[in-house]
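**Q** Let me give you the structure first, and then I'll get to my questions.
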Amino acid sequence: GCGRLPLATLFQLHSRKMLRLTTDRFLNWHFNGMKRMSVPPNRSERQSAIGKILRSVRNKGVRETLRLLRARSYARYRDWRLGIQTSDRVDRTTLGYEANLAGYEASNYRILDVVFANLNPNPNRDVLLDYGSGKGRVVVLAATHSFLRVIGIELSSDLAATSRRNIE
């Protein structure tokens, strides 16, 4: 299993200044995506992120909010380690989908780890086909295993373009 992600892995803390900078970057990374991670958030962005957390606590409670923050942080950490960007959800209206189609939400890393740990692909024969590959999380993870070939099929041209960037 993946176990718990130690905070020391995410935060290299050497001083109070570094703590604030690291916290700012984490909040920016966590709520606004990794592409802007190199720029610390301004005060309004930091307040917006804190506001989202407070609304979540109010609506879902402390325990559920902490669980969601941990899960989202872990997914973003794994994306960062793989050099990909797959964590952000995209609703169906943004994708231009009809009412009977769902939006995009990436597969859970912990579940994928269990699935791939229990597969024993033959590198000379087995092909993984990910139908509805989205931003390519499963495709990228499968490529780290012994498959002959990994293929992703996606209906949304926007998600397929993101997937191609993630694979490059």
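Throughout, read-outs are computed from the coordinates displayed, never taken from laboratory work. What you see is a predicted model, and the numbers here were worked out from it, not measured in a lab. Cβ placement follows ideal geometry from the backbone for every residue including glycine, while neighbour counts extend to all protein chains displayed.
**Q** Under the rule a/c < 1.5 gives rounded, and otherwise a/b versus b/c splits prolate from oblate, where does the stretch 110-160 land using the Cα gyration tensor?
**A** Oblate is the answer for the stretch 110-160, as a/c is 1.5 or above yet b/c matches or exceeds a/b.
**Q** Any idea which of Val140, Pro123, Ser107 is furthest toward the positive side of the dipole for the stretch 76-168, if Lys and Arg beta-carbons carry +1 and Asp and Glu beta-carbons -1?
**A** Of the options given, the answer is Pro123.
**Q** Also, I was wondering about something else. Tell me which chymotrypsin sites (Phe, Trp or Tyr not before Pro) from the stretch 62-168 have a DSSP coil assignment and no more than 16 other beta carbons within 10 Å of their own.
**A** Passing both the DSSP loop test and the Cβ count: Tyr97.
**Q** Counting Lys and Arg as +1 and Asp and Glu as -1, what is the net charge of the other residues whose Cβ lies under 13 Å from the Cβ of Ala99?
**A** -1
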